[in-house]
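Report on the following structure.
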Amino acid sequence: MEMYRSHVMICKGTGCTSSNSEQIAKNFEEEIKKNGLEGEIVVERTGCFGLCALGPVVIIYPEASFYSMVKPEDVEEIVKEHLVKGRVVKRLLYAGSVEENKIKAIEDVQFYKKQVRVALRNCGVINPENIDEYIAFDGYKALEKVLTQMTPPEVIDTVKKSGLRGRGGAGFPTGMKWDFAARSQNDQKYVLCNADEGDPGAFMDRSVLEGDPHSVVEAMIIAGFAIGASQGYIYCRAEYPIAVKRLGIAIGQAREYGLLGENIMGTGFKFDLQVRLGAGAFVCGEETALMASIEGKRGMPRPRPPFPANKGLFEKPTILNNVETYANIPQIFNKGPEWFASMGTEKSKGTKVFALGGKINNTGLVEIPMGTTMREVIYDIGGGCPNGKKFKAAQTGGPSGGCIPASEIDVPIDYENLAAKGSIMGSGGLIVMDEDNCMVDIARFFMDFIVDESCGKCTPCREGTKRMLEILDRITQGKGEEGDIEKLENLAKNIKNSALCGLGQTAPNPVLSTINYFRDEYDAHIKEKRCPAGVCKALLNYTILEDKCKGCGICAKNCPSSAISGQPKSPYKIDSSKCVKCGVCAQKCPFKAIVKK
Amino acid sequence: MKTIQELEEIRKKTLDTINIRKDRSGTRIVVGMATCGIAAGARPVLLSIIDEVKKHDLADVVVAQTGCIGMCRLEPIVEVYKPGEEKVTYIKVNASKAIRIVNEHIMQGKVVDEYTVGAVEK
C-alpha cells in the first residue's frame, strides 16, 4: 500500500494555471526532494477549489491548511516549516480561515459554509488525470449498480424521481428527456454532452471537466444504457485546452479499464465516447446547431419539431445534456434519488453551480442548494462588493438572462422564482454590478455580443437584434430620442415571438429586464443626455471646479482640441461642444480641479 | 479490461491512500517535530512509524507532526488519538519502540503502558 503522511493539493484549473501554479507544483516537488521527503509526501495537481479570487490555492492534508495567493517563492518556506516541522505558515493561510488566531476548518470558512458540493464534489480533492482516485471516491460504482442491477426503465425512473432538471439553462426535466429518447425506436441512438459553455464569464462546466472529467464519462455511459445508445460525443469548446486534454486522458483510461467499449464490466453493454471541438461560436451551444456542427455542417439551428429525442444527430434519436447535469447523475444513483430531492425547493431539486464574477470580493465558483437567496450568495458567500461600493444588480443567465436588482435581493434562487422576476437561471454565470455600472451600457454589451454571434439564418434575429443594438448605441452615445424605449420594447416582443432558436428568442431579455428595473437610467440617457453611473463616455462632461481652479492654464495648454479658455489667475472653462473627452486636462491639473460627471 | 472485482480492489487500495483528504475520523498518530523533537531524534521515529503503517496496510491512520508539546526533556514524544478513546502520550520514543507501539496499540488496541508518560511519573 502507498502511504503518504501528507498530501499537497495544488489547483491546476485554468484560473490558477494562468497564475503560474505549475511552477508552484514543480517547486514543491523539487523542495520535497531536496529535503528527502519524497517517500512521505505526495504532490497532486487537482481541479478547481472554487475560491478563484485568491488563487493560486494550495491545500495540505491532513491538516487541511488552506494556503491562498501562493507564489513560487513561498514554496521553500512552506516545505521547511509546514512539511518538515509541522508548523503551519500562518501568513499564507487564507485570511478567512484564521479567526482570533485560531485556524478554522475549510468547511467552516465563510465562503464554504453555505455551499453543498455535489457536482463539484471531487474538484480539488482528486487528481483528475488518475482514474484510480475517481474510483476510490465511489467512482463507477453507480455504473456498476446500473448495469448489473437495474433495467433502463428503472434508470429513467430514478432520474425522474430525483427531480433533476437541465443545468444548461432551460431546466427541462432530465428524466423526461431520457424517457422520450428511450421510447423512440431506432437502430442507432446518441448521447451528447454540451460542453460549449458560451456564456461570457461562465466557467462552471470548465471546472467540472478540468477537475472531475470521469463524472461526466460515467454519467454518459449510464445515459446510453438508459436510452439504448452505443455512441456518445462530448462537444467541448476549443478555448478550453486543459479540459479537452483531461477529457482525452479520462476517456483513454476508461477504455483501458474496459469501462468504455465492448462488453463493459462484462455485462455485454457496449458504449464509446469521442470528443468533438467547437470553434468559437456561441450559437453552437444551441442544441440543433451543436448537432449540425458535429455533423460537419455550419452551426445553424433548425426548426423543431422534429425534436432531437426523435430525430437528432444524423437524424437519429439523441439526448443532449449539459456537463453539470451529467456531473450530478452518479451521486443520484450512489446516494439515491430521494437524497437529491431532499435538497432544494419544491420544483427545483438539488444544487446549482454559479460562477461569481464582476464587482464581488470572492470571485470564483460556488455550489449552493436551490432556494438559497441571492442575498446569501452575494454577501455571505461572495463577501459583498469591494471598496465599500453599493450593490446594484446581479445578472443571471448571461446574454439570455436578466438582472435581479437590489430591491429583489431576497429572491430564493430557483428556476421559477428567477423567471418570475424577469430573468432565467441560465447556465450559472452570475455577474455582480455595483453603483458604478451603467445598466444601459450592460444591456448594450450583451446585445453587442448577440449581434456578433447571431448565425444569420432567421430574419428576426439577424435584422432585429442589429436594430436593437443601433438604438442602444445611439442612447449610450447621447443621441437617444423620445420613443426609443418603446421601439426597443416593440422589437423585443417581435423577436421573442418569431426567432428560430433560443439565442434570438432570449436576446432581448437583458434589455427588457434593465428597462423594467432601471427605466430611470434610460430616461436620464435619452432625455437629459446624462449617464448617472458615469460610464458612457460620450455623456460625460469634463467640468472645471471654480473653487479649486487657480487659473494656471496648464489644462488649456495641453488640450488637443483647444476647448479650454480663460484668463490667468481666474477660473478656466471647458467648452463641451469642442471637448473630445480625452481626459488629459484632468490628468494634468495639479490642483485636481477637473472632474467628469 | 477490469472486472468488477478488480475495480473494487482498486477502489479499496486507492481509498486507503487518499482518504486522508476527506475523512478526519480515523486514528491520528502525532509526532512532536519542533526543534527539541528533531534534535532528540524524532525524524527516525516518524519514518519508522510510516514504514510500519505501510507494511501492515493499515487503513484510516493519519501520521502528522506537531510543534513543541511542552515536555522537551521527554522528547521524542508520540501522541496517539483513537476515535472514542483517550489520548495516549508516549515519551522518549525511538525507532524500535515506535514499531512496538504500532503493532500493539494501533493494531491490537493494547496501550504500551511502560512507554507512556504516566509510567515515568511513577
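A:Val511 meets all of the listed conditions (1) surrounded by 15 or more Cβ atoms within 10 Å (Cβ to Cβ); (2) over 28 Å from A:Ala420 (Cα atoms) but one, namely (2).
A:Gly86 meets the conditions (1) part of a helix (DSSP H, G or I); (2) within 13 Å of chain B (Cβ to nearest Cβ) in every case but one. The failed one is (1).
Within the range B:36-82, restricting attention to residues that are in a strand (DSSP E or B) and hydroxyl-bearing (Ser, Thr, Tyr), which residue is farthest from the other protein chains (Cβ to nearest Cβ)? Explain how you work it out, then say what you get.
Looking only at the range B:36-82, we keep the residues that are in a strand (DSSP E or B), and these are B:61-66, B:78-81.
Remaining after also requiring hydroxyl-bearing (Ser, Thr, Tyr): B:66, B:81.
Values: B:Thr66: 5, B:Tyr81: 12 Å.
Among residues in the range B:36-82 that are in a strand (DSSP E or B) and hydroxyl-bearing (Ser, Thr, Tyr), the one farthest from the other protein chains (Cβ to nearest Cβ) is B:Tyr81.
The number of residues in the range A:491-536 being part of a helix (DSSP H, G or I) and of a type outside the set (S, T, N, Q) comes to 22.
Quick one: would you say A:Ala202 is at pLDDT below 95, among the hydrophobic types (A, V, I, L, M, F, W, C) and either in the same structural domain as A:Glu315 (by TED's automatic domain parsing) or closer than 16 Å to A:Ala327 by Cα (or both)? Talk me through it step by step, then tell me what you get.
Numbers: at pLDDT below 95: yes; among the hydrophobic types (A, V, I, L, M, F, W, C): yes; either in the same structural domain as A:Glu315 (by TED's automatic domain parsing) or closer than 16 Å to A:Ala327 by Cα (or both): yes.
It is true that A:Ala202 is at pLDDT below 95, among the hydrophobic types (A, V, I, L, M, F, W, C) and either in the same structural domain as A:Glu315 (by TED's automatic domain parsing) or closer than 16 Å to A:Ala327 by Cα (or both).
Look at the range A:172-186: where a residue is under 10 Å from A:Pro308 (Cβ atoms) and a partner is outside any loop (DSSP other than H, G, I, E, B), sitting 6+ places away or on another chain with Cβ atoms under 6 Å, you get A:Lys177/A:Ile319; A:Ala181/A:Ile227; A:Ala181/A:Ile319. Of the residues making up the range A:131-152, those that are of a type in the set (S, T, N, Q) and either without any contact (Cβ under 8 Å) to a residue 12 or more places away in the chain or more than 10 Å from every other protein chain (Cβ to nearest Cβ) (or both) number 2.
Residue-wise test of (1) assigned by TED's automatic domain parsing to the domain that holds A:Asp199; (2) over 29 Å from A:Ala419 (Cβ atoms).
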position: A:Lys85; (1), (2): no, yes
position: A:Glu100; (1), (2): no, yes
position: A:Phe111; (1), (2): no, no
position: A:Lys114; (1), (2): no, no
position: A:Tyr140; (1), (2): yes, yes
position: A:Pro173; (1), (2): yes, no
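Applying the criterion of being in contact with a Pro (Cβ under 9 Å, 6 or more places away or on another chain) and among the basic types (Lys, Arg) to the residues of the range A:144-170, the residue that is nearest to A:Met370 (Cα to Cα) is A:Arg165. Taking the range A:1-28 as the range and being surrounded by 16 or more Cβ atoms within 10 Å (Cβ to Cβ), part of a helix (DSSP H, G or I) and of a type outside the set (Val, Ile, Thr) as the test, the residues that pass are A:Gly15, A:Cys16, A:Ser21, A:Glu22, A:Ala25, A:Asn27, A:Phe28.
Step by step: first the residues of the range A:29-60, then only those that are in contact with a Ser or Thr (Cβ under 7 Å, 6 or more places away or on another chain) and over 25 Å from A:Val116 (Cα atoms), then the one that is surrounded by the fewest Cβ atoms within 10 Å (Cβ to Cβ). Which residue is that? My answer is A:Glu40.
Which ones in the range A:1-57 are hydroxyl-bearing (Ser, Thr, Tyr), within 13 Å of chain B (Cβ to nearest Cβ) and under 21 Å from the mean Cα position of the chain (by Cα)?
Here is the first cut: in the range A:1-57, the ones hydroxyl-bearing (Ser, Thr, Tyr) are A:4, A:6, A:14, A:17-19, A:21, A:46.
Right, trim to within 13 Å of chain B (Cβ to nearest Cβ) and you get A:4, A:6, A:46.
Residue satisfying the conditions is A:Thr46 alone.
Having 2 or more residues that are out of contact with any Lys or Arg (no Cβ under 8 Å at 6 or more places or on another chain) is the bar; report the strands (runs of 3 or more DSSP E) wholly within the range A:391-435 that clear it. If you could, list the steps in order and put the result at the bottom.
Values: elements: A:391-396, A:402-405, A:429-434.
In the range A:391-435, the matching strands (runs of 3 or more DSSP E) lie at A:391-396, A:429-434.
Restricted to the range B:3-26, and to residues there that are part of a helix (DSSP H, G or I) and of a type in the set (Asp, Glu), the residue that is farthest from A:Leu259 (Cα to Cα) is B:Asp16.
Close Cβ contacts (under 8 Å, 6 or more residues apart or on different chains) running from residues in the range B:75-89 that are within 15 Å of B:Val117 (Cα to Cα) to residues that are of a type in the set (Asp, Glu) comprise B:Lys87/B:Glu79; B:Val88/B:Glu79; B:Thr89/B:Glu79.
Listed conditions (1) farther than 30 Å from B:Lys12 by Cβ; (2) assigned to a loop (DSSP other than H, G, I, E, B) are all met by B:Gly118, apart from (2).
Summed over the range B:1-35, the residues that are at the interface with chain A (Cβ under 9 Å from one of its Cβ atoms), in contact with a strand residue (DSSP E or B) (Cβ under 6 Å, 6 or more places away or on another chain) and among the polar types (S, T, N, Q) give a count of 0. If the condition is being closer than 14 Å to A:Cys536 by Cβ, in contact (Cβ under 8 Å) with a residue 40 or more places away in the chain and buried (at least 17 other Cβ atoms within 10 Å of the Cβ), then the range A:437-477 contributes A:Asn437, A:Cys438, A:Met439, A:Val440, A:Asp441, A:Ile442, A:Ala443, A:Ile475, A:Thr476.
The sole residue among A:Ala281, A:Ala195, A:Ala238, A:Ala223 that is away from chain B (no Cβ under 14 Å), within 24 Å of A:Phe49 (Cα to Cα) and touching a residue at least 60 places away in the same chain (Cβ under 8 Å) is A:Ala195.
The values are calculated or read from the model by the stated rules, or taken from the named source; none is laboratory data. Here the structure is a predicted model, which is why all the values come from computation and not from measurement. With ideal geometry, Cβ positions are generated from the backbone for all residues, glycine too; neighbour counts draw on all protein chains shown.
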